[in-house]
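Chemist: Dumping the structure here so I can ask a few things about it.
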Amino acid sequence: MSAGWGCQHITKKDGKDDWCKLLNHTCEPGCKGCVLYGVGLFSDENTPSNEAFKKRKKRSDDPLGKKR
């Protein structure tokens, strides 16, 4: 990652520089279980986080469920 944020779960394992200690596999930002899941939209349209973010956004647009 080249942004100003660094994930505390990334480490090196078996020669791989981007190993996720939290999920115990290669880092895939936005995958289910990732701390970034559902937090924002990713440029990769196939990231599961994008769908979760859209559902979350839709729910937060009308938190009372139109019961005003």
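Chemist: Residue under question is G38, and the condition is that it be at pLDDT 85 or above and within 9 Å of the chain's Cα centre (by Cα); does it hold?
Modeler: Working: at pLDDT 85 or above: yes; within 9 Å of the chain's Cα centre (by Cα): yes.
When the stated conditions are applied, G38 passes them.
Chemist: Quick one: would you say K66 is exposed (fewer than 10 other Cβ atoms within 10 Å of the Cβ) and either on the phi > 0 side of the Ramachandran plot or modelled with pLDDT of 90 or more (or both)?
Modeler: Numbers: exposed (fewer than 10 other Cβ atoms within 10 Å of the Cβ): yes; either on the phi > 0 side of the Ramachandran plot or modelled with pLDDT of 90 or more (or both): yes.
Against the criterion (exposed (fewer than 10 other Cβ atoms within 10 Å of the Cβ) and either on the phi > 0 side of the Ramachandran plot or modelled with pLDDT of 90 or more (or both)), K66 qualifies.
Chemist: Out of K32, K12, K16, I need the residue that is touching a Phe, Trp or Tyr at 6+ places or on another chain (Cβ under 7 Å) and at pLDDT 85 or above. Which one?
Modeler: Values: K32 fails: touching a Phe, Trp or Tyr at 6+ places or on another chain (Cβ under 7 Å); K16 fails: touching a Phe, Trp or Tyr at 6+ places or on another chain (Cβ under 7 Å).
Matching residue, one of K32, K12, K16: K12.
Chemist: If you don't mind, there's one more thing I want to ask. What are the residues in the stretch 1-52 that are hydroxyl-bearing (S, T, Y), assigned to a loop (DSSP other than H, G, I, E, B) and surrounded by 14 or more Cβ atoms within 10 Å (Cβ to Cβ), if any? Break it down into steps so the answer makes sense when it comes.
Modeler: Of all residues in the stretch 1-52, those hydroxyl-bearing (S, T, Y) come to 2, 11, 26, 37, 43, 47, 49.
Narrowing the set further to residues that are assigned to a loop (DSSP other than H, G, I, E, B) leaves 2, 37, 43, 47.
Scanning the stretch 1-52 gives Y37, T47.
Chemist: Going through the stretch 18-40 one residue at a time, which ones are touching a Lys or Arg at 6+ places or on another chain (Cβ under 8 Å) and more than 18 Å from Q8 (Cβ to Cβ)?
Modeler: Hit for the stretch 18-40 is G38, nothing else.
The values are calculated or read from the model by the stated rules, or taken from the named source; none is laboratory data. Since this is a predicted model, take the numbers as computed values, not measurements. In this analysis, Cβ positions are derived from the backbone assuming ideal geometry, glycine residues included, and neighbour counts consider all displayed protein chains.
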